[in-house]
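The values are calculated or read from the model by the stated rules, or taken from the named source; none is laboratory data. Treat the numbers as computed from the prediction; the structure is a model and nothing was measured. Neighbour counts are summed over all protein chains in view; Cβ atoms, including those assigned to glycine, are modelled from backbone coordinates with ideal geometry. For the accessible areas, the whole protein counts, side chains as well, though only heavy atoms, and no ligand, DNA or RNA atoms are used. Shrake-Rupley method; radii C 1.70, N 1.55, O 1.52, S 1.80 Å.
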Amino acid sequence: MNRKRTKSKLDRAMPMVHPNAAAIDVGATMHMAAVRTDRTPEPVRSFGTFTTDLHRLVNWFKECGVETVVMESTSVYWIPIFELLDARGFTVFLVNARDAKHVPGRKTDVSDAQWLQRLHSYGLLRASFRPKGQIAELRAYVRQRERLLEYAASHIQHMQKALTEMNLQLHHVVADITGATGQRIIRAILAGEHDPKALAHLRDYRCHASAETIEKALTGSYRAEHLFALEQALALFDAYHEKVSACDVRIEAVLKELSIGRGRGSGSLPSSRRRTDQTNAMAFDVRAALFALLGKDVTQINGLGPYLSLKLIAECGDDLSAWPSAKHFTSWLCLAPSNKISGGKVLSSRTRRSGCRAAALLRLAAVTVGRTDTALGAFYRRLSARIGKAKAVTATARKIAVLFYNAVRHGMEYVDPGASFYETRYRARVVDNLHRRAKAFGFVLQPAEPTSSVAVS
């Protein structure tokens, strides 16, 4: 006797949010796709990862009436199928594997793709943030530039190693061998000049080390094998910086296109409060380009330089409309407390771990601003003395994130209230508490009269 199949408790209790949902279990060489069981006799199918296979997968979704697709962010294997589905008009949800893992009720005989499809159809999975359009293109160029700078930095170490093997202590008397003095001397050495006195005269006038000190540091053994290693390290360093310059051209072009589309930068650019000659600076005026895009100068916020601001825009976008409020934004960055409450008692309020690049940038800005004589710097130092540097960095990074959100989303103009701002407010709060406690005990506090010193003859 055939028993009637009854609906599960989940089916009876929860309304279906995405009835035309599908899911893909992404892999390196094979994708498992799943649709609703009433759409086809074979609701779970496997597809290869070649382009023709991906087109077959998308066509199958079209035949099954799929409108929205969910997939987990597995390495970079999800990118080709994500871009293809997005181009074909599907609404694609890229979710964190942790979110699907923590949903209870999974059965052992249900495949990953079927489980994802079922969770998504009931609206139990949240899509991860991913910038769209030209912001995604900008992010790719900025990240590529960062990788190239990391590769170039390794060849600086190779140059230092070759110099040490020749007992040339240039990197000990010069702050940076990629600076003006260091590059002049290294290129002269590779051109055949090995006289320490002649090399020392190539020092830049801003170099702190004297010509005599540099001359002593450049007395060594110029062996052929070490010069060969130095030459190759310098050539690779130059090659990577040529590629960095190519990235700068692409980044500038994308920013101009975005500025034309947005049309926000109508006012005049405020004067900069920081020095502009930074290491690995871009080949164009980043601050002016961001002002033309946003209509606001976010570099007025202490801790946010032009390059760091550009990286934040590339990671988060130029309108931040994906987050309804600054609290949502800081929660996404994992800079807000993750409160675990049971029975009205807070069990833990630690921030969640995150690999978010934007959060790492804001933490870097917090460390930098902690050494400045500003309101944010005073806030960092006061918290650092009370709760430790690690928590102070997180709290200051969250405060900078709120200022950045309000500036980009709502056009807030930031004005530094000064280093004494937080100290004055803290003192006023302590005095108010003392007055309240004194009143509770029936006393009234009066300010002490200043004592005048009387000179005795």
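Worth pointing out:
- Just one of the listed residues (A127, A113) is open to solvent by less than 60 Å² (accessible area, probe 1.4 Å), on the phi < 0 side of the Ramachandran plot, touching a strand residue (DSSP E or B) at 6+ places or on another chain (Cβ under 6 Å) and not in a helix (DSSP H, G or I), and it is A127.
- When we screen T219, T181 for residues that are open to solvent by 60 Å² or more (accessible area, probe 1.4 Å) and farther than 30 Å from L361 by Cα, the only hit is T219.
- Conditions (1) over 30 Å from R143 (Cα atoms); (2) part of a helix (DSSP H, G or I); (3) of a type in the set (V, I, T); number of the one not met by V254: (1)
- Among the candidates K296, K311, the residue that is at pLDDT below 90 and among the basic types (K, R) is uniquely K296.
- Those strands (runs of 3 or more DSSP E) lying entirely in the stretch 11-90 with at least 1 residues within 16 Å of Q114 (Cα to Cα) and in contact with an Asp or Glu (Cβ under 7 Å, 6 or more places away or on another chain): 21-25, 30-34, 44-48
- Residues satisfying the stated conditions in the stretch 381-421, i.e. within 24 Å of I313 (Cβ to Cβ) and more than 20 Å from the chain's Cα centre (by Cα): H410, G411, M412, E413, Y414, V415, D416
- Only one of the numbered conditions (1) under 23 Å from L148 (Cα atoms); (2) among the small types (G, A, S); (3) in a helix (DSSP H, G or I) is not met by A175, and that is (3).
- For A153, the stated conditions do not hold, so it cannot be described as free of Cβ contacts under 8 Å to residues at least 40 places away in the same chain, open to solvent by less than 80 Å² (accessible area, probe 1.4 Å), under 30 Å from S331 (Cβ atoms) and not in a loop (DSSP other than H, G, I, E, B).
- Any hit, the stretch 422-431, residues being closer than 27 Å to H328 by Cβ and within 27 Å of the chain's Cα centre (by Cα): no
One line per residue, one yes/no per condition, for (1) open to solvent by 90 Å² or more (accessible area, probe 1.4 Å); (2) over 17 Å from A23 (Cβ atoms); (3) more than 33 Å from the chain's Cα centre (by Cα); (4) acidic (D, E):
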{"residue": "F50", "(1), (2), (3), (4)": "yes, yes, no, no"}
{"residue": "H55", "(1), (2), (3), (4)": "no, yes, yes, no"}
{"residue": "W60", "(1), (2), (3), (4)": "no, no, yes, no"}
{"residue": "V66", "(1), (2), (3), (4)": "no, no, yes, no"}
{"residue": "E72", "(1), (2), (3), (4)": "no, no, no, yes"}
{"residue": "Y77", "(1), (2), (3), (4)": "yes, no, no, no"}
{"residue": "L84", "(1), (2), (3), (4)": "no, no, no, no"}
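- Long-range neighbours under 6 Å by Cβ, at least six apart or interchain, first residue farther than 22 Å from L364 by Cβ within the stretch 330-354, second surrounded by 10 or more Cβ atoms within 10 Å (Cβ to Cβ) and modelled with pLDDT of 80 or more: S349/P337
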